[in-house]
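J.: Have a look at the structure that comes next, please.
The values are calculated or read from the model by the stated rules, or taken from the named source; none is laboratory data. What you see is a predicted model, and the numbers here were worked out from it, not measured in a lab. Positions of Cβ are backbone-derived with ideal geometry, glycine not excepted, and every protein chain shown enters the neighbour counts.
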Amino acid sequence: MSRTTPEVLVSEAGIAEAVEALAAKIAPRIDDDTVVVCLLTGGIWFGADLTRALARAGRMVHFDALWLSSYRDARQSYGRCEVRADLQRPVVGRKTLIVDDVFDTGLSLSEAARLVRDAGASEVLTAVFARKPWPEQRALEPDFVAWEAPSRFLVGYGMDVSGGMRGLPYIGAMD
């Protein structure tokens with residue numbers, strides 16, 4: 001397997017600064033009963049950092065995860081979203097904040113928002129670390145975005161290439 005070193009777009013320190021700034025924007029909009037719903041697998045890095053930053057901002061949120069798949073091991077979405085693991089915590093009557101690593105087609109985030117609304121959440125907010133430009137209007141735009149990403153193939157900080165490079169402490173481009 002050939003290993004290419006990605007071009008660094010956002011350093012580890014840059015990620016930390018962006019997450020802290022985002023938490024400061026989110027904290028006034030939520031309460032301590034809010035359930036943060038992390039989209040697996042890529043969102044776990046951002047979800048962990050964001051919930052810790054929210055705690056530093058005075059918000060002791062609850063945590064859950066929703067495992068959706070729209071990519072499998074491909075570089076492009078295959079156009080539909082399948083639920084691999086559903087919510088474990090009740091969200092009825094509670095605010096929710098859905099978090100994910102990257103927003104491109106919008107398919108996963110839209111499906112997650114629908115599932116959480118259908119589960120009875122009183123309000124559904126969304127946050128992504130990276131938002132990529134898209135040629136068409138998406139059904140849903142995130143409420144909070146940490147970084148406006150270029151239209152490149154991103155890896156690191158939860159983003160992967162065929163399951164690899166998710167654990168890079170920075171965000172890089174592989175094109």
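J.: Given the criterion without any contact (Cβ under 8 Å) to a residue 12 or more places away in the chain and out of contact with any Leu (no Cβ under 8 Å at 6 or more places or on another chain), identify the matching residue among ALA13, ALA21.
T.: It is ALA13.
J.: For region 112-155, how many residues meet the condition of being among the aromatic types (Phe, Trp, Tyr) and under 21 Å from ALA48 (Cα atoms)? I'd like the intermediate steps shown before the answer.
T.: The first filter runs over region 112-155 and keeps only residues among the aromatic types (Phe, Trp, Tyr), leaving 129, 134, 144, 147, 153.
The next check asks that each one be under 21 Å from ALA48 (Cα atoms); those that pass are 129, 144, 147.
Matching residues across region 112-155 total 3.
J.: Could you please find all residues in region 13-42 being at pLDDT 95 or above, closer than 18 Å to TYR157 by Cβ and among the small types (Gly, Ala, Ser)?
T.: Scanning region 13-42 gives ALA13, GLY14, ALA16, ALA18, ALA21, ALA23.
J.: Taking region 24-52 as the search range and keeping residues that are touching a residue at least 60 places away in the same chain (Cβ under 8 Å) and in a strand (DSSP E or B), which one is surrounded by the fewest Cβ atoms within 10 Å (Cβ to Cβ)?
T.: VAL35
J.: Every residue in region 125-147 that is surrounded by fewer than 19 Cβ atoms within 10 Å (Cβ to Cβ) and in contact with a Pro (Cβ under 8 Å, 6 or more places away or on another chain), please.
T.: Passing the criteria: LYS132, PRO133.
J.: Which of the following residues is within 17 Å of ILE26 (Cα to Cα) and surrounded by fewer than 14 Cβ atoms within 10 Å (Cβ to Cβ): SER122, SER151? Quick ask: steps written out before the conclusion?
T.: Working: SER151 fails: within 17 Å of ILE26 (Cα to Cα).
Answer to the selection: SER122.
J.: Oh, and also: Somewhere in region 83-90, is a residue assigned to a strand (DSSP E or B) and either within 15 Å of the chain's Cα centre (by Cα) or at pLDDT 90 or above (or both)? Spell out the reasoning first.
T.: Taking region 83-90 and keeping what is assigned to a strand (DSSP E or B), we get 83-85.
Filter once more, so that each one left must be either within 15 Å of the chain's Cα centre (by Cα) or at pLDDT 90 or above (or both): none.
No, region 83-90 has no match at all.
J.: Something else now. Across region 44-64, what is the number of residues that are closer than 17 Å to ALA113 by Cβ and over 11 Å from the mean Cα position of the chain (by Cα)?
T.: 1
J.: Starting from residues that are under 19 Å from VAL161 (Cα atoms) and assigned to a strand (DSSP E or B), keep the ones in region 53-82 and report whichever is modelled with the lowest pLDDT.
T.: Filtering region 53-82 for residues that are under 19 Å from VAL161 (Cα atoms) and assigned to a strand (DSSP E or B), the one modelled with the lowest pLDDT comes out as SER69.
J.: Enumerate the pairs (first residue in region 85-114 and touching a residue at least 60 places away in the same chain (Cβ under 8 Å) and more than 17 Å from LEU22 (Cβ to Cβ); second residue anywhere and among the aromatic types (Phe, Trp, Tyr) and part of a strand (DSSP E or B)) with beta-carbon separation below 8 Å, excluding pairs fewer than 6 apart on the same chain, so at least 6 apart or on different chains.
T.: none
J.: When you check THR41 against the structure, is it of a type in the set (S, T, N, Q) and either at positive phi or under 14 Å from the mean Cα position of the chain (by Cα) (or both), yes or no?
T.: Criteria met by THR41.
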